[in-house]
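The values are calculated or read from the model by the stated rules, or taken from the named source; none is laboratory data. On a predicted model such as this, the values are computed, not experimentally measured, just so you know. Neighbour counts are summed over all protein chains in view; Cβ atoms, including those assigned to glycine, are modelled from backbone coordinates with ideal geometry. Accessible surface is based on the protein model in full, side chains and every heavy atom, while ligands, DNA and RNA are left aside. Shrake-Rupley method; radii C 1.70, N 1.55, O 1.52, S 1.80 Å.
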Protein chains: 2
Amino acid sequence: MNVSLQSSKVYIEIVKQLREMITNNRLKPGDRIPSERELSERLNAGRSSVREALRALELLGLIETRRGEGTFVRDFRGHQLVQLLSTFILQDEKAKQDVAETKYFIEMDCLRLALVRLEENSLQLLKDKIHHVNFSEDEFFYRIIELADNHLFLRIWIILKDYYRSLYIDEPQFVKADYVHLLRGLEEKDVDKTVNAYRKLRNLSILTDTN
Amino acid sequence: MNVSLQSSKVYIEIVKQLREMITNNRLKPGDRIPSERELSERLNAGRSSVREALRALELLGLIETRRGEGTFVRDFRGHQLVQLLSTFILQDEKAKQDVAETKYFIEMDCLRLALVRLEENSLQLLKDKIHHVNFSEDEFFYRIIELADNHLFLRIWIILKDYYRSLYIDEPQFVKADYVHLLRGLEEKDVDKTVNAYRKLRNLSILTDTN
DNA sequence: GAGACAAACGTGGTCTGACCACTGTTATAT
DNA sequence: ATATAACAGTGGTCAGACCACGTTTGTCTC
């Protein structure tokens with residue numbers, strides 16, 4: 001912390017240290033964080049710097065402070081994500097378009113990722129899905145995004161999906177053949193085939209890749 | 001501020017005051033905020049409290065501070081998302097990886113979009129950028145994302161960029177040749193060339209597309 | 001007068017020490 | 001055993017002191 005090479009600000013370093021501390025010690029919401037004075041000593045920093053870091057995290061809602069008691073990790077599983085996004089999404093027509101576009105691209109990204117990280121049995125599961133009577137497009141892609149194994153993409157996608165559904169009420173028709181092609185592409189680990197199948201499936205023309 | 005009736009914390013009050021100050025004075029991104037010492041006087045608060053507020057806003061990405069110069073309002077489009085993302089960022093190492101990966105993919109998506117929506121003069125602007133002495137990777141890609149003309153991507157990217165910067169302190173080295181290739185790909189509207197140039201630029205191996 | 005250099009000033013960055021208010025624990029008196 | 005008082009620990013806040021850095025100003029030189 002006190003090291004000279006340190007170009008970054010101290011409070012930023014402390015934020016990082018705290019993050020590590022929370023993960024390494026498996027601290028869960030409700031658990032207590034060392035006191036400001038103790039952190040100050042342990043991290044070789046002034047208490048004011050520690051406080052700057054803590055206040056920032058507090059404003060972010062990551063920790064909670066109770067005078068006389070201490071500082072605690074907060075329960076941040078609150079899924080009020082959609083609400084917040086909604087504040088700026090429902091603007092103009094262009095925004096709706098962006099939602100769809102972004103969703104498509106992320107799905108495509110995840111297909112590419114899934115292509116690399118795919119395993120045998122998971123493919124079978126997808127096959128079962130499309131042959132099932134109660135096929136759900138969202139469930140299908142949810143599984144794809146999961147296979148991509150990128151939590152951030154998953155979160156973003158879920159939000160986008162909800163908006164997408166609220167913006168475009170018309171249920172997309174299920175063309176089984178398109179999905180079959182998609183799965184075949186995945187099975188053969190053929191990027192082009194997979195991506196093209198996806199485009200066909202979504203009726204995408206502008207987002208052409210095959211120049 | 002110092003009044004007893006004030007149950008809320010001082011730094012929270014300062015945050016509110018600052019928000020009012022920014023809106024009332026119509027402060028725009030790039031505009032300067034009074035110095036810490038002046039705020040301390042004007043708001044009847046200690047400088048440390050003022051700093052706690054400022055640091056918190058800084059971590060949120062709402063303001064920017066430059067030592068020796070001052071504190072400035074920042075472009076805070078979509079800052080609400082920061083809060084959300086941050087909640088889960090602090091979890092595991094995998095999350096960091098996801099941030100990087102997501103950022104890369106979105107940049108690649110926007111390259112694909114820019115490829116379609118590109119115009120003459122904007123390409124020239126990019127060329128100027130990479131030949132400029134003060135080249136900034138972030139600025140370059142910001143422009144790319146803008147060209148993609150998808151506001152949602154832009155918002156997400158800005159947040160990811162900030163986190164990326166805070167997670168990976170090591171500045172990426174600027175290999176001009178890679179950027180030249182990238183621009184050439186854009187110029188020729190060649191998707192594969194562009195994408196491959198980007199991969200080279202980022203040293204991406206896992207995200208292989210060219211099966 | 002124009003330009004180069006140096007000093008002064010203003011700014012954020014950090015630390016220390018001092019209080020205060022509040023909470024929980026411990027020791028004490030009843 | 002219970003109620004009360006003292007204590008220790010914690011966050012909340014402030015004031016003052018440096019430092020590092022950038023800008024401005026002023027002076028000197030040519």
Of A:LYS28/A:LYS103; B:LYS127/B:LYS200; A:LYS16/B:LYS9; A:LYS96/B:LYS189; A:LYS161/A:LYS189; A:LYS96/B:LYS103, which ones are farther than 29 Å apart at the Cα? A:LYS28/A:LYS103
Residues in segment A:106-122 that, when all protein chains are in place, have 30 Å² or more less accessible area than the chain alone would give (probe 1.4 Å): A:ASP109, A:ARG112, A:LEU113, A:VAL116, A:ARG117
Ordered by residue, what ³J(HN,Hα) values in Hz, to whole numbers, does segment A:113-129 give under the Karplus form 6.51 cos²θ - 1.76 cosθ + 1.60, where θ = phi - 60° and Gly and Pro are x? 5, 4, 4, 7, 9, 5, 10, 4, 4, 5, 5, 4, 4, 5, 4, 4, 4
For B:PHE135, residues with placed amide H under 5 Å, excluding near neighbours: none
Given label points at 7 Å from Cα along Cα→Cβ, what nm distances, shortest first, separate A:PRO29 from the same residue in every other copy? 3.3
Give, rounded to the nearest 20 debye, the magnitude of the charge dipole that segment A:10-73 has about its Cα centre when Lys and Arg contribute +1 at Cβ and Asp and Glu contribute -1 at Cβ. 80 debye
Size of the A/B contact, given as accessible area buried on both chains, probe 1.4 Å, in Å²: 5000 Å²
Between copies, how close do the A:VAL175 label points come, placed 7 Å along Cα→Cβ, listed in nm from shortest? 4.0
Between A:ILE33 and residues 5 or more places away or on another chain, which pairs have amide H atoms under 5 Å apart, with H built 1.01 Å from N, and which residues are they? A:THR71, A:PHE72, A:VAL73
Taking a label point 7 Å from Cα toward Cβ, how far is A:SER8 from its twins in the other copies, in nm, shortest first? 3.1
Peptide B:150-163 - average C-beta neighbours from other chains (10 Å radius): 4
